[in-house]
1. Which trypsin sites (Lys or Arg not before Pro) from the range 11-99 combine a DSSP loop assignment with at most 15 other Cβ atoms within 10 Å?
2. Please arrange I227, I193, I116 by how many other C-beta atoms lie within 10 Å of their C-beta, fewest to most.
3. Write down the percent of antiparallel bridges among all DSSP beta bridges whose residues are both part of the chain, to the nearest 5.
4. May I ask you to evaluate 6.51 cos²θ - 1.76 cosθ + 1.60, the Karplus curve with θ = phi - 60°, for each residue of the range 103-114 and list the ³J(HN,Hα) values in order in whole Hz, giving x for glycine and proline?
5. For the cross-link pairs K32/K168; K164/K221; K7/K102; K32/K102; K168/K221, which exceed 19 Å when the distance is taken from alpha carbon to alpha carbon?
6. What shape does the chain have by the C-alpha gyration tensor, where a ≥ b ≥ c are the square roots of the eigenvalues, rounded means a/c under 1.5, and otherwise prolate means a/b greater than b/c and oblate the rest?
7. Looking only at GluC sites (Glu not before Pro) in DSSP loops with at most 16 other Cβ atoms within 10 Å, what is the longest site-free stretch of the chain?
8. Relative contact order of the chain, please, whole-number percent, based on alpha carbon pairs below 8 angstrom and at least 6 residues apart.
Amino acid sequence: MKDKLKKLIIIPAYNESECIEKTIENIQKNAKDFDYIIINDCSTDNTREICERNGFHIINLPVNLGIGGAVQTGYIYGIRCGYDMAVQVDGDGQHDAAFLQKMAECLEETGADMVIGSRFIEKQGFQSTGARRIGIRFFTWLIRLMTGKTVTDPTSGLRMVNRKVMAKFAKDYPKDYPEPETAVTVLHCGMKIKEIPVVMKERAGGVSSISMQKSVYYMVKVSMAIIIERMRRRK
């Protein structure tokens, strides 16, 4: 039965020309039981040309939707194509596909609805910058306050979900900075999150969407979204 489950890797990509080939090579080498789809979020570099030249599986969005819209497109694709689980893998080379099978096994064996790859359980590999670690600890505290559950790496983009969560995210998904907010959504719906230790790498190329100038907006926006989600669930 496990071998029959259809597993999809969603790769949101915006200007990832420096990394996208290595990302796909890593998947083809270490996650052979998974299919993948690149969601090209109207890149302004030659990401599209590289993907099409190599015959990569790609959806080219006509306008830039941001990280949330790109990932949601992947969930819509996954639901329509009958996949049983989906995992987000960023196109910047930070996520190692070698951990995907362990995540899939955890999802199946524990009955979890979401499995998050956490860099902070065993504290190996790239641990993010000092400023971002402060923000991550804050969101861990806020999620525990709002839900009573501890998520050690709430901003991790390496997250796998079952079909039930896929269907939910295909209908409704935050536009930007979605990771902490969607974790809260899953917990408030009475679903279960598990974390497993993973090793992440530094970004191999390109530029992060979260600049220093956007950090304050990020903290305020995501915090308000988490609090509002909590208030909505109480009604």
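Each value in this text was obtained by applying a stated rule to the coordinates, not by laboratory testing. Please read these numbers as outputs of a predicted model, since none were measured by experiment. Here the Cβ positions follow ideal geometry from the backbone for every residue, glycine too, while neighbour counts run over all protein chains shown.
1. Numbers: sites: K22, K29, K32, R48, R53, R80; in loops: K32.
Counting only loop positions with at most 15 other Cβ atoms within 10 Å, the trypsin sites (Lys or Arg not before Pro) in the range 11-99 are K32.
2. I227, I193, I116
3. Given both bridge residues lie in the chain, the antiparallel proportion sits at roughly 25 percent.
4. 5, 5, 5, 5, 4, 6, 6, 9, x, 5, 9, 9
5. Working: K32/K168 27 Å; K164/K221 26 Å; K7/K102 13 Å; K32/K102 13 Å; K168/K221 21 Å.
Check vs 19 Å cut-off fails for K32/K168; K164/K221; K168/K221.
6. Numbers: a/c = 1.42, a/b = 1.21, b/c = 1.17.
Rounded, because the longest to shortest axis ratio a/c is under 1.5.
7. Values: sites that count: E122, E202.
Longest stretch, sites excluded: 1-121.
8. 25
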